[in-house]
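See structure below.
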Amino acid sequence: MVKGVEEVVIKRKKVVVKEKDEMSKVIHWAPRILMIIYISMINSFALADGIRGSIKLIPVIFLLIFLGIAWHREIIGGLIILAFGFIFGVFFGAFNSMEGFIVSILPLWFIGILFMVDYKINS
């Protein structure tokens, strides 16, 4: 009887570990994929303006560099992305309206936090 209970406990632990591994993979890849989507969105807005939008490509270059940093050093990249979200909001006036905040700042903060959560889970 005790052996059967131990087998059930071991099977439940394996299921929990498997679920944790799957969640860890989701949290590992989610900020990377979301950042690529966000960069693509900002890039498409900048390219839609034509020649006048070329100055708007500068944040895209910075975001690509920050993504490269965050890809290998999650905690440092997450903090940089959070700070860049604040600077980006101040520079482009995104804090003046709720729509600007939701579209341009909130995704960066969310992605930065996800990178830091990924670091915490995998460390």
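Things worth noting here:
- The lone exception for PHE45 - which of (1) modelled with pLDDT under 95; (2) within 30 Å of LYS25 (Cβ to Cβ); (3) among the hydrophobic types (A, V, I, L, M, F, W, C) it fails: (2)
- Residue identified as among the small types (Gly, Ala, Ser) and surrounded by 14 or more Cβ atoms within 10 Å (Cβ to Cβ) among GLY100, GLY50, GLY93, GLY68: GLY100
- Top-ranked residue of region 103-123 - restricted to ones that are surrounded by fewer than 16 Cβ atoms within 10 Å (Cβ to Cβ) and of a type in the set (Val, Ile, Thr), ranked as farthest from TRP29 (Cα to Cα): VAL103
- Some residue of region 15-31 being modelled with pLDDT of 80 or more and either over 19 Å from ILE121 (Cβ atoms) or basic (Lys, Arg) (or both): yes
- Of the helices (runs of 4 or more DSSP H) that lie entirely inside region 46-123, those containing 3 or more residues that are farther than 29 Å from GLU22 by Cα and not hydroxyl-bearing (Ser, Thr, Tyr) span 58-72, 74-92.
- Tally, over region 76-90, of residues that are surrounded by fewer than 15 Cβ atoms within 10 Å (Cβ to Cβ), under 25 Å from ILE121 (Cβ atoms) and β-branched (Val, Ile, Thr): 0
The values are calculated or read from the model by the stated rules, or taken from the named source; none is laboratory data. Keep in mind the model is a prediction, meaning the values are calculated, not measured. Positions of Cβ are generated from backbone atoms using ideal geometry, with glycine treated the same way; all protein chains shown enter the neighbour counts.
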